[in-house]
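Below is one structure, written out as structure tokens, with a few remarks after it.
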Amino acid sequence: MRLYTVQHRPGRLDAMKVADPDVVLIKEGFCWPALFIPLPWLLYRMQFWGLLAYLLLTGTFSALAAFTGLDPWTGSLLFLVLSLLVASVANEWRRWRLSARGYDFVTVVAAHNLIEAEEEFFHHVWPMDAVKSANPATYPSPLPASGLTPFATPFDPV
């Protein structure tokens, strides 16, 4: 089973005027498209800070390979390591960007794929949250932000 984090942008009254969805599910872990095509993935997901870091490191590795006379295999290995690094943090960058745009962490859903995760969330978790939000006294307070990541996790000390 895979884990998906659910992020929601509260306070959206008219969703028809906005191109962004109010609820986003993001898979935990490694991002395969970011491994094989990091530049298009960073552009598609509008990860501009990650894109800038990727381009700067690519330029640095290229200059290092050119000025030191590294063999092509070592240069390729450097680019492979860079792609692995991008793919390992790509979904974290995506969560961080959504958090910066006003999305709140809601919960974590376990499912075999994205469709099952959406089904689990919208049919079981989301209706319970709507009932809880009707009575704010019973609704739990949001988790504090993590010291290690820009969003809250259930494992952070309070």
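Numbers below:
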read-out: A66 vs. criteria closer than 24 Å to A34 by Cα and at pLDDT 55 or above; value: no
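Listed here are the residues, each with its yes/no results for (1) among the polar types (S, T, N, Q); (2) touching a strand residue (DSSP E or B) at 6+ places or on another chain (Cβ under 9 Å).
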position	(1), (2)
G69	no, no
P72	no, no
G75	no, no
S83	yes, no
R95	no, yes
G102	no, no
F105	no, yes
E118	no, yes
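The values are calculated or read from the model by the stated rules, or taken from the named source; none is laboratory data. The shown structure was predicted, so the numbers you read here are calculated from the model rather than taken from an experiment. We place every Cβ from the backbone using ideal geometry, glycine too, and count neighbours over all the protein chains shown.
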